Amino acid sequence: MTGFVGQDQFLSWGRVERVHQDVAAPAFRDELKGLLAQPDNRSLLAVGLGRSYGDSCLNGGQRLIDMTRLDRLIALDSTGGIVQAEAGLALGDLLRRIVPKGWFTTTVPGTRHATLGGLLANDVHGKNNHRAGSFGRGVRRLSLLRSDQGQIDLASGEGSDLFAATIGGLGLTGIITSVELELTPIRSAWLDVERIAFGHVRDFFRLAAESAGSHEHTVAWIDCTARGSELGRGIFQRANWLDDGDLVPHAESALSVPFEAPSALLNSVVIRAFNGLYWRLQKSGRARQRMHYAPFFFPLDKVSHWNRLYGRPGFYQYQCLVPPSAAEAAIEELMREIEASGAASALSVLKTLGPSRSPGMLSFAREGATLALDFANRGAPTLALLGRLDDIVRQAGGRLYPAKDGRMPADMFRAGYPEWTSFAAHVDPRFSSNFWRRVAR
Amino acid sequence: MSRVIVLGALSAIGEATARLYAADSARLVLAGRNIERLEQVGSDLIARGAAAARSWQVDFAACADPAGELERMAAHLEGPVDAILLFFGALGDQALAERDPGEAARIIDVNFTAAVPWCLAAAALLERQKAGALVVVSSVAADRGRQSNYVYGAAKAGLGVLVEGIAHRLARSGAHAVTIKAGFVDTPMTAHLKRGGPLWAKPATVARDIRAAAERPGRPIVYTPWFWRFIMLVVRNVPAFVFHKTRL
């Protein structure tokens, strides 16, 4: 029988907060009930591969259930394109099974090292959001184990509030034990990718609008270190699946950052140099190429543990979403603010999201533009900058992505997610997280 | 297509090894105590490509006729058996074993006494076939008695000598036997230990070495991950007056 063991090694992806937690890693679903039933007033949280950046996957001083050993496929219908699996199955593991059979998940986030439970609990979005909507839209059924109601099976389309609370519910509504997904047919593991350099944010919005109809996948990399008239330059990428019948799945990467780098490594000089170099390489590189899904969707997975490059203090990711009417002005203002601060975002990604409604009460994705920024944690100055970015996002009627957040003020969360009070009624009475204690208390 | 019998299919390393075979459309018999769990592992292996995954409920220690049981398992594979993999075992509680002879006996029973008849039955089956591999998972703990887990180490050392003898016996038969000496592996068995760091391996890493050992005769002892061979070379040769100063 698996029990809880105290440890301080489980970190979120941003590595800013270091907390002590009691962690249990059950190997079979039948062990979960026993873990829920332990008489104790400490709260619980089930977690996957810890790719949330901030504190939504932490439960400091309390208990975590590590779901990653529960990674079994339950049923795979490769004719109808439906898969049922335990919630701890990693997306990459699933793709290696289904791609050769001509299937893909309805959408994928920027990493394949996330569990199905984690994708669901954060209702992640991908480069095809304007077509496919968020991950939750592909969820047909899920099983939830709650401390107060036991095992509950929920299906989409039944109008269940608990289902809507669980999609994007940050794991707070109970343990997501298994998931059933609808898959999308593909005729190749490769994409036809086109790169277009642009010089200003307004060009990004023009490109995004004109590509929405013609391209299934769109995203842009922004050089947030460019200044003055070059502010907001970037590379727009748009792609469609090919149909050449080559269904080879990805291989696991061999490169890894084995240790924490000295925190001075990713300083603003290095970041500026890298972004400038990347800009020149991409601008002059081939405009159109056949590209495998792994480098296209998961470019950062090439190097495992890349987050260690930020060293001991870790880093913050800041991802906001602003509604369409305010998007262009707000994104430009955010960039000016970052430029003025002298801080450099190592990686900045800009994307427009489509009008399809996300199924979760706390789902992040809705129509508008989303900008994701990475900032090395330099303490107070970093937090002050993020506070100023908050003001711009708030003014624009936008919100922040809980999966990426480790510091937004409670009122910012509440203003961005007015449904949070109805959501709170569905939180399992024994479940909590650092994030939830921070924004809901 | 391989045909494989997994004794202890519910162990983390056993399941990880079965997944490697499943990806190449193997036919598998999954033996263990908990039938519901075996069915869960079996469904997963089928979805991962196994041509067959038959759950087989058995209590290894209580089984009166391992040879007959093994024959029946083999019959389900519809052809010669390529590998018989033995994973069952338990770490036990060393401190408790020092106070309670019952715990000491339990550790010896699970890791050694129960495994012996299964190994001998497997040897006989493979010898008759003149092909196939017996792969038995042991531990680096068997290489030198250490105060922290020497009852477990003694049981695994006994098992290692048995398998070494079987390897000798099978040497000219066409079949072969291998002892796997696993280092620290991140599994439920070691969940209570302080983990993390470069010495800790994932079950999938160890599984790759186990499969390679089953397919390649000529190396009756395999350390996994490979660097344990050199660590244990040092550990075995540290003089007692130094070794006894450590808390290993």
Notebook entry, point to check: Taking the Cα centre of the protein assembly as shown as the origin, how large is its charge dipole in debye, to the nearest 20, when only Lys and Arg (+1) and Asp and Glu (-1) carry charge on their Cβ atoms?
Noted result: 1640 debye
Note to self: I need the shape label for the range A:98-185. Rule: rounded when a/c is under 1.5, else prolate if a/b > b/c, else oblate, with a, b, c from the alpha carbon gyration tensor.
What the structure shows: prolate
Next item on the list: Treating the angle as unsigned and between 0 and 90°, give the value, to the nearest 10°, between the Cα long axis of helix B:228-237 and the longest Cα principal axis of chain B.
Entry: 40 degrees
Margin query: Along the Cα→Cβ direction, 7 angstrom out, place labels at residue B:96 and residue B:130. What is the inter-label distance in nm?
Written below: 4.9 nm
Checklist line | Hits among aspartates and glutamates - C-alpha to C-alpha of residue B:194 under 13 Å, sequence gap 8 or more where chains match | finding: A:8, A:22, B:186
Item checked: Whichever aspartates and glutamates have a C-alpha closer than 17 Å to that of residue A:351, once near sequence neighbours (fewer than 8 apart) are set aside -> A:123, A:194, A:203, A:210, A:216, A:223, A:328, A:332, A:333, A:367, A:374
Notebook entry, point to check: Between residue A:421 and residue A:256, what is the spin-label point distance in nm, taking each point 7 Å from the Cα along the Cα→C-beta axis?
Noted result: 4.9 nm
Checklist line | Longest to shortest principal axis, alpha-carbon extents of the range B:174-225, angstrom | finding: 42, 16, 14
Item checked: Unsatisfied cross-links (Cα-Cα over 27 Å) in the set A:101/B:181; A:33/A:127; A:127/A:302; A:127/A:283 -> A:101/B:181; A:33/A:127
Note to self: Would the range A:1-78 count as rounded, prolate or oblate if I go by the C-alpha gyration tensor, calling it rounded below 1.5 in a/c and otherwise prolate when a/b exceeds b/c, oblate otherwise?
What the structure shows: oblate
Next item on the list: Could you compute the FRET efficiency for residue B:76 and residue B:192, with r as their C-beta to C-beta distance and R0 at 30 Å, rounded to 0.05?
Entry: 0.25
Notebook entry, point to check: With charges only on Cβ, +1 for K and R and -1 for D and E, what is the dipole size of the range A:190-407 about its Cα centre, in debye, rounded to 20?
Noted result: 440 debye
Notebook entry, point to check: Among rounded, prolate and oblate, which fits the range B:142-248 when a ≥ b ≥ c are the square roots of the eigenvalues of its C-alpha gyration tensor, a/c under 1.5 means rounded, and a/b larger than b/c means prolate?
Noted result: oblate
Next item on the list: Within the range A:280-370, list the trypsin sites (Lys or Arg not before Pro) lying in a DSSP loop whose Cβ has at most 16 other Cβ atoms in a 10 Å radius.
Entry: A:286, A:357
Checklist line | Residues in the range A:243-277 reached by a label modelled at residue B:199 [backbone nitrogen below 20 Å; 7 Å Cα→Cβ] | finding: A:258-260
Check: What number, rounded to the nearest 500 deg cm²/dmol, is the helix-based mean residue ellipticity at 222 nm of chain A, given -39500 (n - 2.57) per DSSP H run of at least four residues and division by all its residues?
Finding: -7500 deg cm²/dmol
Notebook entry, point to check: Quick one: buried accessible area between B and A, total over both chains, 1.4 angstrom probe, nearest 100 Å²?
Noted result: 1600 Å²
Next item on the list: Ignoring everything but the protein chains, give the 1.4 Å probe accessible area of residue A:79 in square angstrom, nearest 10.
Entry: 130 Å²
Checklist line | With all protein chains modelled, accessible area of residue A:202 [1.4 Å, Å²] | finding: 130 Å²
Next item on the list: Could you provide, to the nearest whole Å², the per residue accessible area of the range A:190-407 with probe 1.4 Å?
Entry: 42 Å²
Notebook entry, point to check: If the chain between residue A:278 and residue A:388 were fully stretched, how many nm would it gain, using 0.36 nm times the residue separation less the Cα-Cα distance?
Noted result: 36.8 nm
Checklist line | For the range B:3-243: relative contact order, % (alpha-carbon pairs under 8 angstrom, 6 or more apart) | finding: 18 percent
Check: Under the definition of partner shielding as Cβ atoms of other protein chains within 10 Å of a residue Cβ, what is the mean value for peptide A:69-77?
Finding: 5
Checklist line | Cα gyration tensor of the protein assembly as shown - equivalent ellipsoid semi-axes, whole Å, descending | finding: 48, 27, 25
Notebook entry, point to check: Quick one: putting +1 on the C-beta of Lys and Arg, -1 on the C-beta of Asp and Glu, what dipole do you get for the range B:152-248 around its Cα centre, in Debye to the nearest 20?
Noted result: 140 debye
Notebook entry, point to check: If only Cα atoms are counted, what is the Rg of the range A:212-273, and what is its Dmax, in Å?
Noted result: 18.1, 46
Note to self: Show me the trypsin sites (Lys or Arg not before Pro) within the range B:136-188 that DSSP assigns to loop and that have at most 13 other Cβ atoms within 10 Å of their Cβ.
What the structure shows: B:172
Item checked: Largest-first ordering by accessible area, 1.4 Å probe, given options A:52, A:256 -> A:256, A:52
Note to self: From the Cα trace of the range A:190-407, what convex hull volume per residue do you get, rounded to a whole Å³?
What the structure shows: 140 Å³
Checklist line | Value at 222 nm in deg cm²/dmol, rounded to 500, when DSSP H runs of n ≥ 4 in chain B each add -39,500 (n - 2.57) | finding: -14000 deg cm²/dmol
Item checked: Charge dipole of the range B:3-243 about the Cα centre (unit charges at C-beta), most positive-ward option of B:150, B:134, B:237 -> B:237
Checklist line | Equivalent-ellipsoid semi-axes of chain B, from the Cα gyration tensor, Å, largest first | finding: 29, 19, 18
Next item on the list: Using a 1.4 Å probe on the heavy atoms of the protein chains only, list every residue of the range B:194-213 that has 10 Å² or more less accessible area in the complete assembly than in its chain alone.
Entry: B:194, B:195
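The values are calculated or read from the model by the stated rules, or taken from the named source; none is laboratory data. In this text, all values refer to a predicted model and were calculated from it rather than measured experimentally. Note that each Cβ is placed from the backbone with ideal geometry, even for glycine, and that neighbours are counted across all protein chains shown. Keep in mind that these areas ignore ligands, DNA and RNA; they rest on the heavy atoms of the full protein, side chains included. Shrake-Rupley method; radii C 1.70, N 1.55, O 1.52, S 1.80 Å.
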